[in-house]
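Data block below; observations after.
Taken together, the values in this text are just the output of simple stated rules run on the coordinates, not laboratory data. Since the structure is predicted, the reported quantities are computational estimates derived from the model, not experimental observations. Cβ coordinates were reconstructed from backbone atoms using ideal geometry, including for glycine residues, and neighbour counts include every protein chain displayed.
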Amino acid sequence: MQSLVIDFSTNVTVRGITLKNSKFFHLNIYESKNVVIDKVTITSPGDSPNTDGIHVGDSTNITISSTTIAAGDDCISIGPGTKMVRVNGVRCGPGHGISVGSLGRYKDEKDVEDITVTNCTIKGTTNGLRIKSYEDSKSQLRATKFLYDGITMDNVSYPIIIDQKYCPNNICSASGTSKVAVTDIVFKNIVGTSATPEAVTLNCANNLPCQGIQLHNVDLKYAGQGNTTLSVCKNVAGKSSNVAKELACV
């Protein structure tokens with residue numbers, strides 16, 4: 001089902017290959033350390049279900065660079081237990097963007113920490129930069145110390161989104177209590193266009209608000225009729241600078 005799997009491995013480099021039309025994840029990295037993904041091309045139709053480009057889980061020190069991903073799900077998805085990820089120079093689209101999560105669905109999940117995404121282009125995707133956790137999360141964990149810097153959005157439906165109330169297909173309790181703490185997340189030098197008016201969405205949990213969320217030099221505009229750009233922010237604390245008033249909700 002998966003085109004390439006890197007499991008329980010150390011010191012791996014994958015460079016210059018093409019993965020096409022996987023039936024599930026194109027590249028899955030699990031329980032591995034010191035992995036470099038460079039100059040890889042991943043391509044599948046935008047309507048192909050669950051065809052994530054690269055999925056990383058329970059892994060440390062992962063570098064993804066100069067890679068082009070077209071997928072029917074997340075271009076890159078980062079799961080629980082993952083630390084020290086460097087994403088640079090990635091072109092994403094179509095797909096669901098660059099995502100962390102879902103977090104908290106299962107018991108005993110581990111923290112996600114030290115994630116850096118730089119100099120990427122995200123085009124025609126449903127989401128841009130997304131962090132998502134289940135509303136009735138089963139695990140107590142943290143998503144912390146993320147930096148998104150130098151990202152260009154081109155007609156992305158929801159360019160910046162933190163969703164601590166993720167509950168797809170009503171599989172969880174909508175009144176659940178979150179155990180996933182989202183802290184110290186920086187969005188910096190994010191520019192481009194949104195396919196919906198809602199360019200920034202920070203939907204955090206009532207019982208566990210997001211802390212230390214920063215927006216700096218964020219210039220996103222709704223490209224559609226009316227050109228009204230807005231942000232929706234709930235239960236979030238942080239700060240912003242050089243951000244249009246309608247987006248500066250922290």
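Quick notes on this one:
- Strands (runs of 3 or more DSSP E) wholly inside the range 37-110 that include at least 3 residues being more than 15 Å from the chain's Cα centre (by Cα): 41-43, 60-65
- When ASN235, ASN155 are checked against the criterion of being polar (S, T, N, Q) and over 30 Å from ASP108 (Cβ atoms), a single residue qualifies: ASN155.
- For the range 29-62, a tally of residues being touching a Ser or Thr at 6+ places or on another chain (Cβ under 6 Å), of a type in the set (S, T, N, Q) and closer than 16 Å to THR18 by Cα returns 3.
- ASN155 at positive phi, touching a residue at least 60 places away in the same chain (Cβ under 8 Å) and in contact with a strand residue (DSSP E or B) (Cβ under 8 Å, 6 or more places away or on another chain): yes
- Among the residues making up the range 149-159, those that are assigned to a strand (DSSP E or B), surrounded by fewer than 23 Cβ atoms within 10 Å (Cβ to Cβ) and out of contact with any Lys or Arg (no Cβ under 7 Å at 6 or more places or on another chain) are GLY150, THR152.
- Exactly one residue out of TYR148, TYR106 is among the aromatic types (Phe, Trp, Tyr) and over 19 Å from ILE29 (Cβ atoms): that is TYR148.
- Screening ALA205 on (1) part of a loop (DSSP other than H, G, I, E, B); (2) touching a Phe, Trp or Tyr at 6+ places or on another chain (Cβ under 9 Å); (3) surrounded by 18 or more Cβ atoms within 10 Å (Cβ to Cβ) shows it passes everything except condition (2).
- Hits in the range 4-46 - residues which are β-branched (Val, Ile, Thr) and closer than 19 Å to HIS96 by Cβ: ILE29, ILE37, VAL40, THR41, ILE42, THR43
- Picking from residues in the range 1-32 that are within 23 Å of the chain's Cα centre (by Cα), assigned to a loop (DSSP other than H, G, I, E, B) and polar (S, T, N, Q), the one that is surrounded by the fewest Cβ atoms within 10 Å (Cβ to Cβ) is ASN21.
- Options SER3, SER65, SER48; residue that is farther than 16 Å from LYS132 by Cβ, of a type in the set (Ser, Thr, Tyr) and in contact with a His (Cβ under 8 Å, 6 or more places away or on another chain): SER3
- Within the range 93-119, residues that are at positive phi sit with their Cβ atoms under 6 Å from residues that are in a loop (DSSP other than H, G, I, E, B) and of a type in the set (A, V, I, L, M), at 6+ positions apart or across chains, in these pairs: GLY95/ALA71.
- Filtered by the rule that a residue be crowded, with 16+ Cβ neighbours inside 10 Å and of a type in the set (Gly, Ala, Ser), the range 224-243 gives SER231, GLY238, SER240.
- Scanning the range 25-55 for residues that are among the charged types (D, E, K, R) and in contact with a Gly (Cβ under 9 Å, 6 or more places away or on another chain) yields GLU31, ASP38, LYS39, ASP47, ASP52.
- Here the condition is being more than 23 Å from GLU198 (Cα to Cα), surrounded by 22 or more Cβ atoms within 10 Å (Cβ to Cβ) and among the β-branched types (Val, Ile, Thr); of THR82, THR43, THR116, THR125, it holds for THR82 alone.
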